[in-house]
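Read the structure below first, then the notes.
The values are calculated or read from the model by the stated rules, or taken from the named source; none is laboratory data. In this text, all values refer to a predicted model and were calculated from it rather than measured experimentally. A quick note on method: Cβ atoms are made from the backbone with ideal geometry, for glycine too, and the neighbour counts reach across all protein chains shown. These accessible areas exclude ligands, DNA and RNA; they are computed on the full protein's heavy atoms, side chains included. Shrake-Rupley method; radii C 1.70, N 1.55, O 1.52, S 1.80 Å.
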Amino acid sequence: MPSTSDSVKVAVRVRPFNQREKNAGSQCIISMQDKTTNIKNPETGDIKSFSYDHSYWSHDGFKETPSGVSEPDGSNYADQKRLFSDLGQGVLDNAWQGYNAALFAYGQTGSGKSYSMIGYGANKGIVPITCEELFKAIDTSSDNKKQLRVFFSMLEIYNEQVRDLIVKEKPPHGGLKIRQNPKSGFYVEGLKQVPVRSYKEIEKLMESGTINRTTAATNMNATSSRSHMVITIRFEQVLVNDAGQSNTRSSDINLVDLAGSERADSTGATGDRLKEGSAINQSLSTLGNVISALADQAMGKTKVLVPYRDSVLTKLLQSALGGNSRTIMIAALSPADINYDETLSTLRYADRAKKIQNKATVNESPTDRLIRELKEENARLMALLKKQGSGDTSGDALSDNDIQRMLEDNQRKMTDMSMSWEQRLEQAKREWERSIQQSEAREEDAAFNHFPYISNVNEDPQLSGVIKHVFTTGCTTIGRAGPGEGAIQLRGLGIQPKHCEIRTDGKKTFITPSSKTAAVFVNGLKIHEKTTLAHQDRLKIGSGSLFLYIGHPCERKDTDVSSFDFDFFMTELAEHDGVSVDIATPRGTDHGVAHDMANRMLFQEFVNLMPKIAEANAISDELKRFTKFEPIVRSESCHDPKGTAPGKEVIVRVLNTKTKKVWIWSTNKFYNRKDLMDELYLKTLDGEHVVLTRDKDPFWDPVEDIFLGSCHIMLQSVSYCAEIDEHFTVHNYHGKEEAVVHVMLLPCNEKGVVIEDDVILEPRDLVGKSINVLCKIPQCMSVRWISDDNSRGVECRFTMPYHKPAKTRDVWHKSYVEFEFKQQYSFRPVTQQILDYLQTNSLVLELWGKQVSEDQQLHQQLHQPNGILNGDSHMDATSDVIGQLKHRESELETLRTDYEQVRKDNFRLKQSLMKCEEKVKLLETRSTSALQRKNSRERAPSVKVSPTHGPPPAGAESEGPHGGLDLEFAKALRDFFRDVETCRTK
Ligand code: ADP
Ligand code: MG
């Protein structure tokens with residue numbers, strides 16, 4: 001049997017910028033020369049080069065023909081035709097010779113995998129062109145001794161479950177089973193292999209497969225970016241000799257559109273206690289491990305275990321990956337700077353894959369032998385079944401059921417083989433008549449030309465515009481309950497049995513939500529009553545089902561709907577939610593919409609996260625988990641002593657609305673948990689009643705301390721030995737007030753005795769000496785964290801420069817918090833470096849929220865005299881009401897105490913305000929006279945002054961920017977404004 005050893009062929013292809021990248025002014029970081037692909041690190045400018053079998057430049061240099069085909073514009077642009085002639089033609093040639101072939105597309109979501117494999121519109125990808133060319137060759141084949149047979153199958157792997165995309169019905173619980181045949185390896189039991197006669201039939205099967213994929217994705221809240229699609233073309237050439245014996249030469253062509261590689265490894269979930277959990281990523285991460293192991297093997301490493309069995313995908317593609325197949329990988333690349341990390345990792349992955357060696361063998365056997373082998377296999381299985389029946393279960397670990405199924409499968413194959421090709425085609429025709437008729441009906445359905453309709457919009461452009469619902473006249477109900485006469489069934493997240501209705505009268509169309517709680521958005525705005533729809537309106541029904549409305553024919557002036565893609569919907573919804581590009585810009589700064597990379601990356605991350613957050617919230621609602629997720633931009637400046645650090649990242653605030661516990665998750669942790677939530681949701685949809693222990697629950701975590709906000713206390717005064725005794729507002733990441741904290745930094749002697757009015761004029765004089773300061777944090781007022789839920793507590797944390805981190809005690813239950821914190825700090829000896837630091841930095845005081853665990857809370861309540869349970873416990877309605885009453889009472893008590901304290905504070909602040917006003921007046925008089933003296937050029941040596949003891953010596957202010965008078969004046973002004981601000985917040 002001829003066989004050849006080949007390494008996996010690897011091609012990389014870079015796509016044009018998408019609209020979002022263009023809008024953001026992205027830079028292209030990929031360049032190519034012949035087979036070499038270079039990538040530039042946008043931060044350092046470093047260039048890394050990789051060499052592949054093909055490097056395809058599809059970024060620019062193309063023009064569009066009137067029929068919409070992209071062609072090179074006299075440049076080296078690689079179009080779809082070129083990919084086919086370089087890669088697809090080889091696959092076809094191999095198939096004729098009887099070799100198995102496989103073609104994988106790898107890359108992050110949106111990088112162009114489906115464009116290369118399937119294609120869009122007139123730009124057909126490798127799969128359709130290959131199929132088309134195969135049939136062209138078959139049709140022109142003049143060898144009438146050969147019968148040429150083509151079979152088509154199409155499956156999807158999501159969450160380690162296999163779904164036959166050709167079958168409309170829902171797959172059995174847990175998906176189709178993977179079985180192992182000792183000779184041919186793993187296969188999918190019961191997967192339809194449809195005999196096809198023409199390319200047109202394949203096109204229709206692919207179309208209905210895409211519809212099934214889209215429907216499943218919306219109903220199950222699954223995303224195609226996490227699923228793998230495998231199309232298999234089986235090509236058989238049956239040669240009959242003069243003696244009537246037949247020989248079958250066969251080739252399996254596996255065409256694989258892989259899941260987005262962005263979460264290919266599990267490192268993203270590092271730090272999450274549930275990092276091993278989800279099956280959604282299993283196939284992709286195993287594929288990575290298999291490729292690494294095979295590459296190691298090819299590099300001469302021995303004893304490498306290739307983990308094919310760890311995932312469904314690698315089981316099914318075992319031979320395509322490291323066995324009897326000629327294999328090609330296309331790595332799809334984004335050109336944009338913001339995707340540098342992902343693109344680099346794709347290039348490295350492709351680099352590893354090219355090392356893999358395969359040994360392809362021609363698959364050719366006499367048909368009789370194939371039948372004989374199947375019979376022998378069946379005899380072996382029957383014997384095994386008998387042996388197991390007699391109780392001897394040693395050796396093979398197959399269950400009776402497994403054996404039974406394998407027997408049936410073999411029997412089916414034998415029947416297939418003994419049937420004539422014509423009989424098989426006839427049988428397939430009968431079986432698939434309905435579905436093929438359906439798609440024919442779709443194509444010919446002229447209704448879309450005469451009536452308004454809605455067309456689905458999916459995150460994956462490949463699945464957009466696939467499902468359409470037309471509205472003739474009258475009223476159509478949309479909801480979970482359908483389908484039926486005048487009803488459309490939509491089973492996506494957050495959709496009620498009767499969600500909304502669409503009514504059309506031949507001229508106008510209206511949409512009306514069926515209840516107050518039925519979420520319907522038109523052009524990003526939530527509607528509550530009957531609303532007229534206009535051509536190209538955007539609809540969001542429930543929490544994620546998106547549709548574009550196409551109006552009555554007379555309205556359709558503009559028929560180009562390509563700009564209304566998923567990005568458009570998301571941006572519009574985000575804008576109505578108050579989020580826009582400047583989410584990435586800190587409040588109160590004049591950075592504007594900075595087109596720097598960090599901001600663009602942040603915005604991209606935020607926009608990608610938004611729909612996922614909405615889904616998580618909807619899953620929480622449907623599963624009654626009382627958990628609310630909210631994206632927040634964490635700003636490094638809140639923690640930075642200068643308050644200017646530009647670093648920002650998106651984090652997720654998680655609130656259990658019932659127990660009032662709060663957690664902060666990194667986006668990686670959120671994505672990891674979201675996979676687990678999706679899995680949980682899928683199980684629930686499957687009718688499983690899932691009982692989760694806390695340690696497996698994606699919605700639960702042990703309680704943690706929460707950063708509430710911070711305030712910055714300028715340390716300049718410390719370098720002047722001037723006191724600070726002020727109320728500072730604690731702001732959170734949104735810039736909202738969380739509390740007001742009273743902080744004192746009092747100059748003192750070494751023993752901690754406060755020295756009053758001993759401000760110095762020239763800090764430089766302190767070098768070599770010492771500064772002692774007493775830090776007091778007496779109290780914190782209006783703590784929102786506690787007034788929202790009085791089971792909580794707070795503490796302050798800070799780090800005095802050149803000292804260890806410190807914190808106050810934790811105080812609970814009252815929003816007027818008495819920390820009574822007191823700590824002496826010494827800078828001894830004072831160096832110039834210390835002085836510089838003090839003069840240009842702030843002390844960052846962070847307020848942290850404390851919370852008791854549910855168990856502790858329960859314990860406390862049980863041990864109260866008339867202990868009432870609340871939170872997660874199962875209590876009856878009466879105790880629930882009593883509990884709430886008690887909670888309200890204690891809240892009232894807290895409010896009373898707070899009110900009393902605020903009244904006192906108010907009085908004190910008013911007094912200090914008056915004092916400040918006096919100070920300002922006094923200082924104004926002083927500086928005027930100082931200015932006059934300066935003008936008369938009087939000079940005097942700088943001396944230590946005490947502002948309360950007479951005017952400062954003349955000329956002191958000319959000693960530099962931090963001179964005595966300037967300081968005094970600035971200090972008084974600052975006091976004044978701070979106090980005014982504090983009064984305002986009251
Ligand atoms: P993926 O399958 O990797 O998620 P897609 O193939 O769906 O990505 O591509 C995302 C978008 O980029 C699509 O709108 C597609 O039309 C466009 N695109 C991808 N590759 C190319 C290319 N080579 N030329 C033109 N447009 C492309
Ligand atoms: Mg895709």
* Does Phe728 qualify as being touching a residue at least 60 places away in the same chain (Cβ under 8 Å) and within 14 Å of Leu843 (Cα to Cα)? -> yes
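The rows are residues; the columns are (1) more than 16 Å from ligand 2 (Cβ to nearest atom); (2) out of contact with any strand residue (DSSP E or B) (no Cβ under 7 Å at 6 or more places or on another chain); (3) within 25 Å of Leu83 (Cα to Cα).
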{"residue": "Ser292", "(1), (2), (3)": "yes, yes, no"}
{"residue": "Ala298", "(1), (2), (3)": "yes, no, no"}
{"residue": "Asp310", "(1), (2), (3)": "yes, yes, no"}
{"residue": "Met329", "(1), (2), (3)": "no, no, yes"}
{"residue": "Ala332", "(1), (2), (3)": "no, no, yes"}
{"residue": "Glu342", "(1), (2), (3)": "no, yes, yes"}
* Structure fact -> Of the conditions (1) outside any loop (DSSP other than H, G, I, E, B); (2) of a type outside the set (D, E, K, R); (3) in contact with a Lys or Arg (Cβ under 9 Å, 6 or more places away or on another chain), the single one that Ser515 does not satisfy is (1)
* To do: List every residue pair whose Cβ atoms sit under 8 Å apart, with the two residues 6 or more apart in sequence or on different chains, where the first one lies in the range 671-683 and is over 8 Å from Ile280 (Cβ atoms) and the second, anywhere, is assigned to a helix (DSSP H, G or I) and of a type in the set (Asp, Glu).
  => Lys674/Glu615; Tyr681/Glu622
* Asked: Would it be correct to say that Asp396 is modelled with pLDDT under 75, open to solvent by less than 80 Å² (accessible area, probe 1.4 Å), more than 16 Å from ligand 1 (Cβ to nearest atom) and farther than 19 Å from Ile211 by Cα?
  -> yes
* To do: Kindly establish whether Leu287 is under 18 Å from Ser7 (Cα atoms), within 16 Å of ligand 1 (Cβ to nearest atom) and open to solvent by less than 50 Å² (accessible area, probe 1.4 Å).
  => yes
* **Checklist (1) without any contact (Cβ under 8 Å) to a residue 40 or more places away in the chain; (2) within 16 Å of ligand 2 (Cβ to nearest atom) applied to Cys475, failing item** => (2)
* To do: Identify, by number, the condition in (1) over 30 Å from Asp46 (Cα atoms); (2) of a type in the set (Val, Ile, Thr); (3) not in a helix (DSSP H, G or I) that Thr286 doesn't meet.
  => (3)
* Quick one: which of Ser49, Ser114, Ser55 is of a type outside the set (Val, Ile, Thr) and either within 16 Å of ligand 2 (Cβ to nearest atom) or at pLDDT below 95 (or both)? -> Ser114
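For the range 177-259, which fully contained strands (runs of 3 or more DSSP E) count at least 3 residues that are open to solvent by 10 Å² or more (accessible area, probe 1.4 Å) and either within 16 Å of ligand 2 (Cβ to nearest atom) or within 17 Å of Ser365 (Cβ to Cβ) (or both)? Full working, then the answer.
On the way: elements: 178-181, 185-188, 194-196, 228-240, 246-257.
Qualifying strands (runs of 3 or more DSSP E): 228-240, 246-257.
Return yes when Glu459 is on the phi < 0 side of the Ramachandran plot, part of a loop (DSSP other than H, G, I, E, B) and at pLDDT 75 or above and no when it is not.
yes
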* May I ask you to list the residues in the range 45-67 that are among the β-branched types (Val, Ile, Thr) and open to solvent by less than 80 Å² (accessible area, probe 1.4 Å)? => Thr65
* Asked: For the range 36-46, does any single residue satisfy the condition of being touching a residue at least 24 places away in the same chain (Cβ under 8 Å) and within 16 Å of ligand 2 (Cβ to nearest atom)?
  -> no
* Please tell me if Thr509 is open to solvent by 20 Å² or more (accessible area, probe 1.4 Å) and either more than 23 Å from Met677 (Cβ to Cβ) or more than 16 Å from ligand 1 (Cβ to nearest atom) (or both). => no
* Applying the selection to the range 101-137, what residues are more than 9 Å from ligand 1 (Cβ to nearest atom) and open to solvent by 30 Å² or more (accessible area, probe 1.4 Å)? -> Ala122, Lys124, Glu132, Glu133, Lys136, Ala137
* Structure fact -> Here the qualifying pairs (Cβ atoms under 8 Å; residues six or more apart or on different chains; first in the range 821-832 and open to solvent by 30 Å² or more (accessible area, probe 1.4 Å); second among the acidic types (Asp, Glu) and in a loop (DSSP other than H, G, I, E, B)) come out as Ser826/Glu750
* Do you know which of the residues in the range 782-821 that are in a strand (DSSP E or B) and basic (Lys, Arg) is nearest to the chain's Cα centre (by Cα)? -> Arg797
* Asked: Would a scan of the range 74-88 turn up a residue that is aliphatic (A, V, I, L, M), farther than 30 Å from Lys146 by Cα, away from ligand 2 (no atom under 16 Å from the Cβ) and open to solvent by 10 Å² or more (accessible area, probe 1.4 Å)?
  -> no
* To do: Check whether at least one residue in the range 615-637 is among the basic types (Lys, Arg), open to solvent by 20 Å² or more (accessible area, probe 1.4 Å), in contact with a strand residue (DSSP E or B) (Cβ under 6 Å, 6 or more places away or on another chain) and touching a residue at least 24 places away in the same chain (Cβ under 8 Å), and report yes or no.
  => yes
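Within 16 Å of ligand 2 (Cβ to nearest atom) and at pLDDT 95 or above, is that true of Gly125?
Here the answer is yes, as Gly125 does meet what is asked.
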* When the residues of the range 14-35 are filtered to those that are part of a helix (DSSP H, G or I) and without any contact (Cβ under 8 Å) to a residue 40 or more places away in the chain, which remaining residue is surrounded by the fewest Cβ atoms within 10 Å (Cβ to Cβ)? -> Lys22
* Return the only residue of Leu255, Leu294, Leu305 being at pLDDT 90 or above and within 16 Å of ligand 1 (Cβ to nearest atom). => Leu255
* Asked: Hey, among the residues in the range 532-570 that are crowded, with 18+ Cβ neighbours inside 10 Å and hydroxyl-bearing (Ser, Thr, Tyr), which one's nearest to Arg503 (Cα to Cα)?
  -> Tyr549
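Does Asp810 satisfy being of a type outside the set (Lys, Arg), open to solvent by 60 Å² or more (accessible area, probe 1.4 Å) and closer than 24 Å to Glu636 by Cα? Break it down into steps so the answer makes sense when it comes.
Details: of a type outside the set (Lys, Arg): yes; open to solvent by 60 Å² or more (accessible area, probe 1.4 Å): yes; closer than 24 Å to Glu636 by Cα: no.
For Asp810, the condition - of a type outside the set (Lys, Arg), open to solvent by 60 Å² or more (accessible area, probe 1.4 Å) and closer than 24 Å to Glu636 by Cα - is not met.
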* Scan Arg809, Arg828, Arg797 and give me the residue that is modelled with pLDDT under 95 and either among the basic types (Lys, Arg) or more than 17 Å from Lys660 (Cα to Cα) (or both). => Arg828
* To do: Determine if the range 157-173 includes at least one residue that is within 16 Å of ligand 2 (Cβ to nearest atom), under 18 Å from Asp678 (Cα atoms) and either open to solvent by less than 40 Å² (accessible area, probe 1.4 Å) or in contact (Cβ under 8 Å) with a residue 60 or more places away in the chain (or both).
  => yes
* Consider only pairs whose beta carbons are under 8 Å apart and that are at least six residues apart or on different chains; among these, list those whose first residue lies in the range 61-79 and is under 16 Å from Gly119 (Cβ atoms) and aromatic (Phe, Trp, Tyr) and whose second residue is open to solvent by 40 Å² or more (accessible area, probe 1.4 Å) and away from ligand 1 (no atom under 11 Å from the Cβ). => Phe62/Glu71; Phe62/Pro72; Phe62/Asp73; Phe62/Ser75; Tyr77/Glu71
